[in-house]
Structure formats: C-alpha cells, structure tokens
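The values are calculated or read from the model by the stated rules, or taken from the named source; none is laboratory data. Given the structure is predicted, the values throughout are model-derived calculations rather than measurements. For neighbour counting, all protein chains shown are included, and Cβ atoms are generated from backbone atoms with ideal geometry for every residue, glycine included. The area values use the complete protein model at the heavy-atom level, side chains included, leaving out ligands, DNA and RNA. Shrake-Rupley method; radii C 1.70, N 1.55, O 1.52, S 1.80 Å.
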Amino acid sequence: MSEHELTHALPSYLEPDHVGPWGIYLEQVERVTPYLGRQAKWVETLKRPKRVLIVDIPVELDDGTIAHFEGYRVQHNVSRGPGKGGVRYHQDVTLSEVMALAAWMSVKAAAVDLPFGGAKGGIRLDPRNYSRAELERITRRYTSEIGVIIGPHKDIPAPDVNTNAQTMAWMMDTYSMNHGSTTTGVVTGKPISLGGSLGRVEATGRGVFVVGCAAAKDNGIDIEGARVCVQGFGNVGGTAARLFEDAGAKVIAVQDHTGTVYNSQGLDVLSLLKHVEENGGVAGAPDCDALAADEFWGLETDILIPAALEGQIHEGNADRIRARIVIEGANGPTTPEADDILSNKGIFVVPDVLANAGGVTVSYFEWVQDFSSFFWTEEEINERLERMMHRAYTSVAGVAAQHKVSLRTAAFIAACSRILQAREVRGLYP
Ligand code: NAD
C-alpha cells in the first residue's frame with residue numbers, strides 16, 4: 001500500500017459519500033486547510049469521525065407488534081472536551097447526515113471556544129406516526145443502547161429537530177436509572193424542574209440577534225429602522241424577529257412552511273407570533289400582504305435571516321438576494337455555490353457555526369450549573385451569553401480581516417486551529 005493510501009484512505013463507510021451534508025463539510029475543511037499552517041499536518045483528524053455507533057432499537061408498539069428502528073450516535077471529535085450535540089428524530093435521518101451535523105458541532109463549539117467536542121445523534125422515524133407512550137419507549141431504549149458512549153464527561157446530548165425538553169427528561173431518567181444515581185448533566189435542554197437552564201429556549205434566537213447587531217454595526221446599518229426578513233418563524237426565527245423588533249428594526253417579511261407575509265412598514269411580530277400559535281403558521285395573518293414563496297428571496301432588505309432548513313439559499317436564488325447582510329440562524333442554510341455567489345455580490349454572511357451558537361452556549365451554562373447545583377438568574381444567563389457571542393464574533397472577524405477571507409472561512413480557521421492544537425499537544429496514544 002502506498003503512503004498516500006496508508007494515511008488518507010477513508011473508512012469504508014465514508015467512501016461513497018462525497019455529496020450531501022458530509023460532502024459539504026469535507027469541502028469546507030478543504031477550503032480552510034491552506035490557512036492551518038503547521039497544524040495542517042493533523043487535518044485528516046477532522047475528516048473522519050472519532051466514533052460512530054449504529055444501534056438497533058426494538059420496541060413493542062401500542063398494538064402489540066414489535067418494531068425495529070435504526071439509531072445513531074456519532075462523536076466527531078472530543079479533543080477539546082466531551083462531545084456535545086442534539087438528537088434528531090426524522091424519517092430522513094442518515095448516518096452521513098448525523099456525521100456532518102456532529103462535525104459542525106465540533107466546529108461550532110470550537111468557534112465559540114466552548115470546552116466541548118462535537119457529536120450528534122438521531123433515529124430514523126417520523127415521530128408523528130407514534131404515540132407519546134411509544135416515543136417514550138423508543139427514546140428510553142435508544143438511550144440505553146447509546147448509554148455505553150454518552151455521559152456527563154463523555155458526550156452530552158440535547159434536543160434537535162422533533163425532540164424537546166420531555167425527550168431530554170426521558171433520556172436523563174433512563175441514563176440515571178442505568179447508572180444508579182441521578183445524573184442531570186448527561187443531557188441539556190432539560191425542563192427547568194430537572195436542572196434545565198433559564199434562557200435556554202430563547203438562547204439561539206438571542207445569539208442570532210447579538211451577532212446580527214454586531215454585523216449590522218460593522219456594515220454601517222443602524223438597527224433603528226433597519227429592514228429585516230426572516231425565513232422560519234419557530235424557536236430561532238420567532239425569537240430573533242421579536243428581539244430585532246424590540247430594538248427598533250422593522251421586520252418586513254416572514255416566511256414559514258405555510259406561507260410568506262409582507263408589510264413594508266413592518267409586521268407586528270407579537271401579533272404574528274400569536275397568529276402562528278393559534279393557526280399553525282403565518283398564512284392568513286391580518287395587516288399584511290401574502291407573497292409567493294419565491295418572491296421572499298428577491299425582497300430588498302438590510303438583514304436576511306434564514307432560520308428554517310438546510311440548503312434554502314442555493315444557486316437558483318442566491319443571485320436575486322438583495323440583502324446587505326445574511327445571519328444564518330439555521331444549520332447549513334447556504335450551499336457552497338450560493339456562498340460564492342453572495343460573496344461576489346458583496347453580501348456579508350455571518351455563518352451558522354457562529355450565528356446560531358447561542359443554543360450550545362447556554363447548553364454549556366446548563367451543564368456547568370448542573371455540576372455546581374447552583375443556578376443563575378435569566379439576566380445572568382443573557383448577560384454571559386451576550387458577552388460570549390460578542391467575543392466570538394470579534395475574534396472571528398479579526399481572523400477574517402487578517403486573512404482577507406469570509407467570516408465562514410475565518411470561523412472554520414479559528415475552530416479547526418483550536419481543535420488541531422488540542423490534538424497536537426495531547427499527542428497520539430499509544
Ligand atoms: P422550529 O421547528 O421551531 O421552527 C422551524 C420553522 O421553519 C417553522 O416556522 C417552520 O414553519 C419553518 N419551516 C419549515 N419548513 C419550511 C419551509 N419549507 N419553508 C419555510 N419555512 C419553513 O425549529 P428551530 O428550532 O427554530 O430551528 C430552525 C433551524 O435552526 C434549524 O436549522 C435548526 O437546526 C437550527 N438551530 C436551532 C437551534 C435551537 O436551539 N433551536 C440551535 C442551532 C440551530
């Protein structure tokens with residue numbers, strides 16, 4: 001075998017996957033490698049997950065039949081601390097998607113300089129097809145199966161798409177029962193009554209707002225009167241929209257899975273949130289115009305916040321975007337091709353690994369509070385979150401200026417350098 005094969009051959013389960021989220025992640029790593037200096041020697045570390053666990057989850061359904069589900073837990077990198085990352089319940093979850101999400105968690109934690117590595121988990125199922133009792137049994141069996149690799153000092157799951165505080169309560173209880181003692185620090189995003197943190201629910205949207213304001217300032221945009229368009233009006237987009245409105249901005253358009261609403265004078269965000277609560281989406285909201293979904297991307301705006309799904313800004317619509325800055329609330333909302341188009345148009349993009357890191361930051365606070373059994377006020381949480389997000393934004397902006405690169409490349413340079421420095425000083429064992 002040649003030296004190249006010895007050092008660079010990929011594990012067999014990675015070979016076919018050079019498209020999709022894992023392929024995008026690999027391309028992002030390729031783009032930063034020239035900036036890693038002598039640390040580039042270790043870059044292969046980032047191109048393969050440290051641990052991949054695939055589990056079978058047999059569960060008795062309510063009607064007495066036995067169903068088998070496929071579950072995953074991937075620890076991408078734990079050089080800087082225990083793995084950290086959510087658990088996703090979705091019918092389209094695949095191993096390669098979970099690997100990419102785990103890798104982005106490594107980058108996100110390091111970009112914000114949290115003492116965590118990156119991990120992610122998932123179960124391939126559509127939770128809408130199962131009762132609450134079935135979901136509880138599935139969650140508990142999954143937790144038992146991955147129990148060999150998770151733990152408060154090893155890998156700490158959290159909610160992600162279609163999982164919530166209740167899911168975390170079941171996971172925490174199952175882990176605790178199996179280990180013989182109540183272990184609140186094994187998961188974050190728990191209910192407050194179980195050691196959850198105040199401010200966690202709003203944390204991601206608040207982080208988007210904080211870095212959004214910093215980016216606006218750097219681009220000469222006054223938040224007072226600034227126009228904001230938001231795609232996704234859930235936890236992240238809804239909170240960010242409300243905070244921008246409170247700060248004096250005009251949220252002129254909101255899009256969700258039910259429709260797109262527009263008012264050039266600014267929507268009333270609180271009324272819109274109430275409408276969504278009562279009607280399940282923004283469609284049919286009063287005092288605004290309904291737009292066709294595609295029109296959303298061509299609106300002239302100061303700030304655009306994609307806060308829904310992956311791949312929303314792509315080759316097909318990036319050229320029409322007339323925003324001055326884009327703040328990525330969602331994970332992976334911009335394809336690499338679209339990223340280049342936005343960059344050529346001079347649009348300033350704050351990447352997901354920085355912009356939506358508020359959630360994992362307050363998860364870190366939750367984990368710290370659980371260990372000390374001492375809980376902070378919401379004001380303390382928000383103040384610390386704001387400080388950490390500011391610090392991360394300023395440090396990534398500094399790297400961008402130094403290398404004359406985009407904030408995304410800069411965030412990857414800062415994060416990958418930190419991860420590989422840890423790898424280097426720890427050394428290889430044996
Ligand atoms: P959520 O379920 O609360 O809200 C999702 C929103 O997206 C809803 O308003 C929904 O209507 C909208 N949406 C769904 N499909 C759409 C479509 N095809 N077109 C337009 N809108 C659509 O989810 P969330 O927690 O706000 O997460 C949103 C994004 O932020 C995801 O990419 C998630 O991974 C990312 N994120 C969330 C957190 C967090 O703490 N919640 C942290 C980091 C990243």
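Assorted remarks:
- Residue within the stretch 199-207 that is of a type in the set (Asp, Glu), farther than 25 Å from ALA285 by Cα and within 16 Å of the ligand (Cβ to nearest atom) present: no
- Some residue of the stretch 240-250 being under 20 Å from PHE116 (Cβ atoms) and either touching a helix residue (DSSP H, G or I) at 6+ places or on another chain (Cβ under 8 Å) or modelled with pLDDT under 95 (or both): no
- Residues within the stretch 211-233 that are within 16 Å of the ligand (Cβ to nearest atom) and either basic (Lys, Arg) or surrounded by fewer than 24 Cβ atoms within 10 Å (Cβ to Cβ) (or both), tallied: 1
- Options THR188, THR182: the member that is in contact (Cβ under 8 Å) with a residue 60 or more places away in the chain, in contact with a Ser or Thr (Cβ under 6 Å, 6 or more places away or on another chain) and more than 25 Å from ILE305 (Cα to Cα): THR188
- When we screen GLY196, GLY212 for residues that are assigned by TED's automatic domain parsing to the domain that holds PRO333 and not aliphatic (A, V, I, L, M), the only hit is GLY212.
- Filter result for VAL161 (within 16 Å of the ligand (Cβ to nearest atom) and within 20 Å of GLY232 (Cβ to Cβ)): yes
- Counting the residues of the stretch 141-199 that are assigned to a loop (DSSP other than H, G, I, E, B) and of a type outside the set (Lys, Arg) gives 24.
- Look at the stretch 308-329: where a residue is at positive phi and a partner is away from the ligand (no atom under 12 Å from the Cβ) and at pLDDT below 95, sitting 6+ places away or on another chain with Cβ atoms under 6 Å, you get GLY311/THR335.
- Inclusion of GLU300 among residues that are more than 24 Å from ALA357 (Cα to Cα), under 23 Å from the mean Cα position of the chain (by Cα) and open to solvent by 70 Å² or more (accessible area, probe 1.4 Å) is not warranted.
Residues are listed down the side, and each one gets a yes or a no for (1) buried (at least 23 other Cβ atoms within 10 Å of the Cβ); (2) closer than 21 Å to ALA103 by Cα; (3) in the same structural domain as ARG320 (by TED's automatic domain parsing):
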| position | (1), (2), (3) |
| --- | --- |
| ARG387 | no, no, no |
| GLN402 | no, no, no |
| CYS416 | yes, yes, no |
| LEU428 | no, yes, no |
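- Scanning the stretch 264-273 for residues that are of a type outside the set (Val, Ile, Thr) and either touching a helix residue (DSSP H, G or I) at 6+ places or on another chain (Cβ under 7 Å) or open to solvent by 40 Å² or more (accessible area, probe 1.4 Å) (or both) returns SER264, GLN265, ASP268, LEU270, SER271, LEU273.
- Scanning the stretch 234-257 for residues that are outside any helix (DSSP H, G or I), in contact with a Gly (Cβ under 8 Å, 6 or more places away or on another chain), within 14 Å of the ligand (Cβ to nearest atom) and open to solvent by 20 Å² or more (accessible area, probe 1.4 Å) yields ASP256, HIS257.
- Any hit, the stretch 140-157, residues being open to solvent by less than 10 Å² (accessible area, probe 1.4 Å) and of a type in the set (Gly, Ala, Ser): yes
Rundown of residues vs (1) over 17 Å from the mean Cα position of the chain (by Cα); (2) modelled with pLDDT of 95 or more; (3) of a type in the set (S, T, N, Q), yes/no style:
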residue: VAL74; (1), (2), (3): no, yes, no
residue: VAL87; (1), (2), (3): no, yes, no
residue: SER96; (1), (2), (3): no, no, yes
residue: ASP113; (1), (2), (3): no, yes, no
residue: TYR130; (1), (2), (3): yes, yes, no
